[in-house]
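Read the structure below first, then the notes.
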Amino acid sequence: MLIDLHCHTRPLSACSALTAAELVSLACERGLDGICLTEHDRAWDAGELAELRESAPIRVFSAVELTTDMGHVLAFGLDPSGFSAIARAVFAAAEASGGVLFLAHPARDGLLRVTHETVQYFASVEAVNGSDSKLQNLAASGLAKGFRLPGIAGSDAHMRDEVGRAATRFAYPVTTDGELLRELLAGRYEAAAVER
């Protein structure tokens with residue numbers, strides 16, 4: 001399965017020009033098997049998410065992109081209540097809920113956001129980000145080798161042309177957020193830049 005693990009929609013992510021329906025339609029057109037909604041510091045309402053999933057022709061997963069003192073963090077399996085801006089607290093919450101954290105776009109802005117603490121708190125990094133340059137993704141892919149899990153990939157889509165530029169290929173079918181979390185924790189995936 002090919003799943004874009006980093007997507008933003010409006011109005012939950014104010015910086016996005018995409019509605020959830022547009023995102024799903026474009027992802028389907030571009031051959032993706034699923035998308036993961038990772039809004040900035042906000043989680044989807046469970047009822048609205050269920051409606052979207054029911055109407056979507058592809059799988060729709062939910063996570064969150066948190067703004068922390070160590071940079072942006074893609075958090076999977078994290079309880080949506082009480083998000084923190086302190087990476088240490090986010091890590092503790094992820095451990096308590098069985099979640100997993102990936103440092104998003106770790107080579108953006110010429111900064112390599114990897115320290116001893118980073119390796120301690122995050123399972124890995126976003127090795128391929130569809131909104132970053134080839135050089136930034138090369139640096140991020142190199143950083144991923146220092147973590148316990150492989151790097152993931154996502155488009156970081158905010159606009160139509162960005163959808164599906166990068167995605168994560170899973171070895172086994174994934175149909176629920178729980179299955180997505182299980183496969184991420186097992187490391188049964190690979191990051192991929194997607195040719196269009």
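The values are calculated or read from the model by the stated rules, or taken from the named source; none is laboratory data. Predicted model only: the values in this text are computed from it and were never measured. Quick reminder, even Gly has a Cβ in these numbers, built from the backbone with ideal geometry, and neighbours come from all protein chains shown. Areas reflect the complete protein model, heavy atoms only, side chains present, ligands, DNA and RNA absent. Shrake-Rupley method; radii C 1.70, N 1.55, O 1.52, S 1.80 Å.
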Filter segment 138-166 for residues that are without any contact (Cβ under 8 Å) to a residue 60 or more places away in the chain and closer than 18 Å to residue 22 by Cα; which is surrounded by the most Cβ atoms within 10 Å (Cβ to Cβ)? 165
For segment 41-59, indicate whether the set of residues that are modelled with pLDDT under 95, under 18 Å from the mean Cα position of the chain (by Cα) and either assigned to a strand (DSSP E or B) or of a type in the set (Lys, Arg) (or both) is non-empty. yes
Please work out which residue is farthest from the chain's Cα centre (by Cα), limiting yourself to segment 116-128 and to residues that are open to solvent by 50 Å² or more (accessible area, probe 1.4 Å) and without any contact (Cβ under 8 Å) to a residue 40 or more places away in the chain. 116
Would you check if there is a residue in segment 169-186 being out of contact with any Pro (no Cβ under 6 Å at 6 or more places or on another chain), of a type in the set (Ser, Thr, Tyr) and crowded, with 16+ Cβ neighbours inside 10 Å? no
May I ask you to verify whether residue 135 is open to solvent by 50 Å² or more (accessible area, probe 1.4 Å) and of a type in the set (A, V, I, L, M, F, W, C)? yes
Condition test on residue 182, is it over 17 Å from residue 22 (Cα atoms) and of a type outside the set (Val, Ile, Thr)? yes
I'm told residue 193 meets every condition in (1) modelled with pLDDT under 95; (2) within 20 Å of residue 70 (Cβ to Cβ) except one. Can you identify the failing condition by its number? (2)
Determine which member of the set 84, 131 is free of Cβ contacts under 8 Å to residues at least 40 places away in the same chain, out of contact with any Cys (no Cβ under 7 Å at 6 or more places or on another chain) and farther than 16 Å from residue 156 by Cβ. 84
Counting just the residues of segment 69-88 that are in a loop (DSSP other than H, G, I, E, B) and farther than 25 Å from residue 182 by Cβ, which one comes out most open to solvent (accessible area, probe 1.4 Å)? 69
Pairs, first closer than 18 Å to residue 149 by Cβ and free of Cβ contacts under 8 Å to residues at least 60 places away in the same chain in segment 168-196, second polar (S, T, N, Q) and open to solvent by less than 30 Å² (accessible area, probe 1.4 Å), C-beta under 6 Å, six or more apart: 189/168
Limited to segment 89-108, what total is found for residues that are open to solvent by 10 Å² or more (accessible area, probe 1.4 Å), more than 17 Å from residue 178 (Cα to Cα) and in contact (Cβ under 8 Å) with a residue 40 or more places away in the chain? 1
